[in-house]
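Below: one structure, written as structure tokens.
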Amino acid sequence: MCSVAVTPDSYESNGSDPVVSIRHLVKEFQLGSGLFSGSQKQLVSAVADVSFDVERGRTLGIVGESGCGKSTTARCILRLVEPTSGEIIYRKLSPTNGAIDEIDIREISDSELRHLRSDLQIVFQDPVASFNPRMTVGASISEILVVNTDMPRPEREDRTQELLTLVGLDSGHSQRYPHEFSGGQRQRIGVARALALHPSFIICDEPVSALDVSIQAQVLNLLLELQQELGLTYLFISHDLAVVRQVCDDVAVMYLGKIVEQAPVEKLFAEPNHPYTHALLSAAPVANPKKQRGRTRLLLEGDAPSPIDPPLGCRFQSRCEIGRSKDLCHEAEPPLADNGDGHLVACHFPEVKSVI
Ligand SMILES: Nc1ncnc2c1ncn2[C@@H]1O[C@H](COP(=O)(O)OP(=O)(O)OP(=O)(O)O)[C@@H](O)[C@H]1O
Ligand code: SF4
Ligand SMILES: [Mg+2]
């Protein structure tokens, strides 16, 4: 296999149009010295040298088990947590002349960052939980317009009603309080709030994980429709591969702070290369009962290592059947390499396996 290590240059020379590019992103949390940690401070390696592009008008999914660093990566992009190192570039498209303004998010001032937050938004698992329970949702959405724009009151009221209608709610819902909504409706309100300031890039962090499957489908369809209508770009975080397959164009698989595989979504499902991706896909149910009965689940043995003390070499080595007996896997970290067709894999011994 012809492999090329992914460098910032190789991303930029392929004629793509990324809205957000991150390069060599690192986030280490420092744990305080407590009763059990002695005097030495410990570092949690939550995100360890992650690079990717999110292409304009497309959706990049990030999947991986709990604690692998999905949310921390997302929060670093918006600087809701400060990255330890790395570069985060946002390319703002001028609606009037199509010019692109390249903004280095780590370098801008706090006031510039506040201003930029209208372009870059995030939707959480239960966004309405952060609303003031004593304010109507209309007042909560309108407050965002008060803080960030100089819109007069009648226009704010119109915009609030317009947003509620856009996400499939009745404009009369603006007079209700957060507790008066169902899970699916709450998520729609969260999307309405995220759209209030006309963003171009939205991070969806597990937006449907708490919802019933039928309601999940409605919210996912809403996100897809809004993407078409408003030309949005999404970074979509989920642990559910079926959901990722439904809404994402490209998908990155994370393990212990690193991207181990990335590809267009159907390519990843059809030709997974990394042993961790094989295990994830084999654990995800398929809709066809006959096919499901004939499948063998690849069990991951052992526990994921602690992000406080990640191993040398490949971070997946302790759970990898191939890697356990290979010195190279214990000695050298596999780079995320392109096998020539935009399918990136970080493994010394990649192997295409059909698991779904
Ligand atoms: N504020 C913090 N202080 C210390 N460690 C943190 C902090 N936030 C996250 N971590 C650690 O960083 C790692 C990555 O966490 P993160 O929340 O990004 O994972 P995740 O992939 O989003 O998981 P989940 O699917 O459960 O949401 C975990 O080991 C977590 O314990
Ligand atoms: S580099 Fe080695 S340990 Fe890591 S996934 Fe590949 S084969 Fe397994
Ligand atoms: Mg998370």
For this session: Based on the mean of other Cβ atoms within 10 Å per residue, sort peptides 131-141, 257-267 so the most packed one is first.
Result: 257-267, 131-141
For this session: Give me the distance in nm between label points sitting 7 Å out from Cα along the Cα-to-Cβ direction at Lys92 and His198, one decimal.
Result: 1.3 nm
Exercise. Which helices, counted as full DSSP H runs in the chain, have an axial Cα extent of no less than 15 Å and a Kyte-Doolittle average of 0.5 or above?
Worked result: 137-148, 213-230
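Can you compute the FRET efficiency between Glu229 and Asp101 using 1/(1 + (r/R0)^6), with r the Cβ-Cβ distance and R0 = 22 Å? Round to the nearest 0.05.
With a Förster radius of 22 Å, E is 0.40.
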Exercise. Of Lys41/Lys353; Lys258/Lys353; Lys27/Lys291; Lys92/Lys258, which pairs sit farther than 32 Å apart, going by alpha carbon to alpha carbon?
Worked result: Lys41/Lys353; Lys27/Lys291
Problem set entry | Cα-projected label distance for Arg117 with Asp341, points at 7 Å along beta-carbon direction, nm | 4.4 nm
Problem set entry | Full-stretch length increase - Asp249, Gln30 - with 0.36 nm per residue and alpha-carbon distance subtracted | 75.4 nm
For this session: Provide the gained length on full extension for the span Ala217 to Ala287, in nm with one decimal, where the gain is 0.36 nm per separating residue minus the Cα-Cα distance.
Result: 23.7 nm
For this session: Express in nm, to one decimal, how much length is gained between Asp303 and Asp170 on full extension, taking 0.36 nm for each residue of separation and deducting their alpha carbon distance.
Result: 43.1 nm
Exercise. Considering every pair of different Cα atoms, what Kirkwood radius, in Å, is found for the chain?
Worked result: 21.8 Å
Seminar exercise, completed: For Glu331 and Val352, extending 7 Å from Cα along the Cα-Cβ vector and measuring point to point gives, in nm, a value of 3.0 nm
Problem set entry | Mean residue ellipticity (222 nm) of the chain, computed from DSSP H runs ≥ 4 via -39,500 (n - 2.57), nearest 500 | -8500 deg cm²/dmol
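Values quoted throughout were computed directly from the atomic coordinates according to the rules given, and no laboratory measurement underlies them. What you see is a predicted model, and the numbers here were worked out from it, not measured in a lab. No Cβ is skipped: glycine too gets one built from the backbone with ideal geometry, and neighbour counts run over all protein chains shown.
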